[in-house]
Amino acid sequence: MIKFSFSTDELSNLSVDLYALIFSSNFSKEDSSIISLQKYVQNISLVIEKQEFSGKAKQANIFLGNAADKIHYIGLYGLGNFNDTSNSEIKELIRVAGANTIRHSEKYKIGLIGVSLPAHSSLSKADIAYEFTIGALLAHYHFDEFITNPNKKLKQDAVITFSVSSEEKKIVEESVVKAYVVAQSVNQARYWGDQTPSLLYPCSFSNQVKTLLEGKKNLSIKILEKKECEKLNMGGILGVAKGSIHEPQMVIVEYEPKKRSHVTVAIVGKGVTFDTGGISIKPSDGMEDMKDDMAGAAAVLSTMLAISELKPNINIIACAPMVENMPSGSALKPGDIVTFYNKKTAEIKNTDAEGRLILADALCYVTDTYKPDFIIDLATLTGACVVALGKFFAGLMTKDDAFAKELIEASLESGDRAWRLPFHDDYKKAIESEVADICNIGKGNYKAGTITAGFFLSNFVSDKTRWIHLDIAGVAMSVPDKPYFRNYGATGSGVRLLIEFLTNSNYLEKLKPSKKTEE
Ligand code: BES
Ligand code: ZN
Ligand code: ZN
């Protein structure tokens, strides 16, 4: 557990074990914050020089003080050259500094940390404290509930004390509270993604969501069980679930703002709790990663937990179709044709292209029931997206330029970055079928599996709804080189992006009036 406190004492006067200083590359070794630490380290400027700390981006140094009374550590964290760096990049570097501080506290078992925040010309101390806190809390997360050797438990409890001026104290505190809410949501999504798939299956997943929502007055939950899915003719979700002993669940969480709003945003996430590929079974190498094939569902549902606290003034619907994709005597077969909620049909040529089948029902059901102005769906949909964009950017598809611009902006600000792919009708023909309305895989010579999957989904969203599809297959787990992750495990991707987009009214303000009201 990481706790936070705020002090108007200057850093060197805090009674902590680690003094953390964050510097850009043009810092001075004679800076007053450094000189005041002389009481713990003699000749501190010289020590910093010997340590070769230059303040370059992502640099993280730690050294021991030499005062007689007690052991003190000094941590130095670099932000590079402020002037040549965009605000969104600086934010990332601050998150990295927060994460590296936690890595140091884990390594040296340091429980009390004092932090002095740097000044920046366009980011406030509150902004900086926010990013530092996000970085620290994401770094702290470790899926360790099955680790029995205490030496392999990495988490170190700590109290982080920010040294702030009395004028800054209140806004920094508020900002840290918001960061805490956001990071908790991201870590909840990571926990679901990391959970062993024999424990996390549709019904246990939806039950956990129900429990977490208890007592949250502005959220309500509706779960469509198999019977209701049958009544609603949701052939996609039912088809994929057929091979599993676990019944499907369609989880819908509604957020109602205090003031009535005429804007409704739906967030829809793929919830395949394990994807074996079904009858078109996957090779065994790496199949364990398919426990995180519900990352989209985890993202939209844990976003709602933060929404409940942060209370934006818009209506938000989260929808998470949940299934397990298994091969068995009762499984969906290549050659089958399924009929979705909106009566469209799809020929199944590969049962491993299952995410689009459950999203199809979810998208048209949400469109029909809630008539949202905006839909954002998130899905670990295609291996092709991992090949195209790798681990650092999600694939973003839409025909709506203005919507794309705002969501990409939110993605850069939040650190959950997305990159737009061409979404031209030329790709549409790839999913034509001779025997049904569409086919669940693209014809081989069209390639671009990520985009053709996006076009499959486009059949289930009305033209009147502004829609973005995010393929998070690459970014949802095992992201390297980010100290706030651990190179392995779920990242909770999409949560920070959705919260940024939904709680900062600037983005939606710019998108008004919606296409719907123009018509
Ligand atoms: N869940 C996978 C996509 C995936 C791959 C996610 C790697 C994360 C990492 C999805 O259901 C899938 O299997 N897609 C197929 C589609 C193909 C059969 C058209 C794929 O990408 O191979
Ligand atoms: Zn699959
Ligand atoms: Zn899948």
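The values are calculated or read from the model by the stated rules, or taken from the named source; none is laboratory data. These figures come from a predicted structure and were not determined experimentally. FYI the Cβ positions are ideal-geometry reconstructions off the backbone, even for glycines, and counts take in every protein chain you see. What goes into the accessible areas is simple: the full protein's heavy atoms, side chains included, and nothing from ligands, DNA or RNA. Shrake-Rupley method; radii C 1.70, N 1.55, O 1.52, S 1.80 Å.
Tallying residues that are of a type outside the set (Phe, Trp, Tyr) and open to solvent by less than 10 Å² (accessible area, probe 1.4 Å) within the stretch 452-478 yields 11.
Just one residue in the set 245, 221, 252 is open to solvent by 30 Å² or more (accessible area, probe 1.4 Å) and assigned to a strand (DSSP E or B); that residue is 221.
Out of curiosity, is residue 194 under 28 Å from residue 139 (Cβ atoms) and among the charged types (D, E, K, R)? Against the criterion (under 28 Å from residue 139 (Cβ atoms) and among the charged types (D, E, K, R)), residue 194 qualifies.
Residue-level analysis places residue 408 outside the set of residues that are touching a residue at least 40 places away in the same chain (Cβ under 8 Å) and either closer than 23 Å to residue 363 by Cα or open to solvent by less than 10 Å² (accessible area, probe 1.4 Å) (or both). Candidates 368, 373: the one that is buried (at least 16 other Cβ atoms within 10 Å of the Cβ) and either more than 16 Å from ligand 2 (Cβ to nearest atom) or among the β-branched types (Val, Ile, Thr) (or both) is 373. For residue 332, indicate whether it is touching a helix residue (DSSP H, G or I) at 6+ places or on another chain (Cβ under 6 Å), open to solvent by 10 Å² or more (accessible area, probe 1.4 Å) and either within 14 Å of ligand 1 (Cβ to nearest atom) or in a loop (DSSP other than H, G, I, E, B) (or both). Against the criterion (touching a helix residue (DSSP H, G or I) at 6+ places or on another chain (Cβ under 6 Å), open to solvent by 10 Å² or more (accessible area, probe 1.4 Å) and either within 14 Å of ligand 1 (Cβ to nearest atom) or in a loop (DSSP other than H, G, I, E, B) (or both)), residue 332 qualifies. Please verify whether the stretch 345-356 includes one or more residues that are away from ligand 1 (no atom under 16 Å from the Cβ) and either farther than 17 Å from residue 470 by Cα or surrounded by 24 or more Cβ atoms within 10 Å (Cβ to Cβ) (or both). Within the stretch 345-356, one or more residues are away from ligand 1 (no atom under 16 Å from the Cβ) and either farther than 17 Å from residue 470 by Cα or surrounded by 24 or more Cβ atoms within 10 Å (Cβ to Cβ) (or both). As for the stretch 307-315, it holds no residue that is in a loop (DSSP other than H, G, I, E, B), of a type in the set (A, V, I, L, M, F, W, C) and within 13 Å of ligand 2 (Cβ to nearest atom).
Residues are listed down the side, and each one gets a yes or a no for (1) touching a strand residue (DSSP E or B) at 6+ places or on another chain (Cβ under 6 Å); (2) more than 25 Å from residue 440 (Cα to Cα):
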| position | (1), (2) |
| --- | --- |
| 221 | yes, yes |
| 232 | no, no |
| 235 | yes, no |
| 250 | yes, no |
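Residues of the stretch 435-451 that are open to solvent by 20 Å² or more (accessible area, probe 1.4 Å), more than 24 Å from the chain's Cα centre (by Cα) and of a type outside the set (S, T, N, Q): 435, 437, 441, 442, 443, 444, 446, 447, 448. Of the numbered conditions (1) under 22 Å from residue 106 (Cβ atoms); (2) modelled with pLDDT under 95, residue 19 fails exactly one; give the number of that condition. Against the list (1) under 22 Å from residue 106 (Cβ atoms); (2) modelled with pLDDT under 95, residue 19 comes up short only on (2).
Does the stretch 256-278 include one or more residues that are surrounded by fewer than 24 Cβ atoms within 10 Å (Cβ to Cβ), in contact with a Cys (Cβ under 8 Å, 6 or more places away or on another chain) and within 23 Å of residue 331 (Cβ to Cβ)? Scanning the stretch 256-278 turns up no residue that is surrounded by fewer than 24 Cβ atoms within 10 Å (Cβ to Cβ), in contact with a Cys (Cβ under 8 Å, 6 or more places away or on another chain) and within 23 Å of residue 331 (Cβ to Cβ).
The residues in the stretch 131-160 that are outside any helix (DSSP H, G or I) and open to solvent by less than 20 Å² (accessible area, probe 1.4 Å) can be counted, and the count is 3.
Among the residues of the stretch 439-459, those that are away from ligand 2 (no atom under 14 Å from the Cβ), touching a residue at least 60 places away in the same chain (Cβ under 8 Å) and aliphatic (A, V, I, L, M) comprise 448, 457.
Set side by side, the residues 282, 216, 227, 242 differ, and just one is away from ligand 3 (no atom under 16 Å from the Cβ), among the charged types (D, E, K, R) and more than 30 Å from residue 484 (Cα to Cα), which is 227. Within the stretch 285-304, the set of residues being surrounded by fewer than 22 Cβ atoms within 10 Å (Cβ to Cβ) and either of a type in the set (A, V, I, L, M) or within 11 Å of ligand 3 (Cβ to nearest atom) (or both) comprises 287, 289, 290.
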